[in-house]
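Derivation of every value follows stated rules applied to the coordinates shown; laboratory data play no part. The model shown is predicted, which means the values in this text are computed figures rather than measured ones. Heads up, the Cβs are rebuilt from the backbone with ideal geometry, glycines too, and the neighbour counts pull from every protein chain shown.
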Amino acid sequence: MSSNKEENFLQEVVRQINFPFDRKSIYKELSGHIEEAKQEYLDQHLDVDEASRCALDDMGDPEEIGKSLNKVHRPIWGWLWILSKYTMILLLVSVGFQSMTMLYKNVEASRKLEPYTMPVENLFVDYTDELEAEDFLFDEMLGKSVELGNHTIIFERITLHKNGTMLLIYQEVIPFRPFGLQSTKHPINLFLTISSNQHDLSPVQGGMNGIDGYSIIILKDVPSECRKFILEYNVYNEAFELVIDVGGSS
């Protein structure tokens, strides 16, 4: 019987609280006060029902108590607290996700790939309808590397189709930085100059997207007799020169 009275008292108090997320904590706190007061009366040798009644009388009117507590526990502050808490959680999750994404990108950028050995026909499909083995004047694996700043540029493969389309496949290996700023790759495809047999060859801008971590430079109208290519890059005080001799050595 006494527990029912205490429950009714507590429910009447929390009914006055407009912010629902505070009701549970208020209920628990008041219940503890009632139990402490009731224990004091039990220590004075009152029976359980009498001790409960006296403890509730000491608490006062439940409706008034609830209204007083409601003034303290205003909904706007409660909602702002919840909003700020979850905003902080989302921010931490976002920062964590961005950090892991950056870490993954840095790992990938610093990973040296195996030479690109896929059939070159897969790359040329956009430039000619019929592909035969004899249509390629040369297709050679290079594995030639140059240092550019603290990056390594590895020219992996060069191939020339009889229609004058040449592809130069390369990769850029970037030093690993666990959670530092990701290094920007060099604009090789924009500023690399290529010449052969006194012919200046112009890379096609935006001609082909990279594949599987490799970058591709595409050139058009390359004379079929070209076999020696001079690659030069000089941007922002970073430069290299590389000679590629197809079928020979640099």
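Using the Cβ of residue 247 as centre and a radius below 9 Å, the other residues enclosed give a net charge of -1, where K and R count +1 and D and E count -1. Taking a straight Cα-Cα cut-off under 16 Å and skipping sequence neighbours fewer than 8 places away in the same chain, the lysines within cross-link reach of residue 144 are 112, 228.
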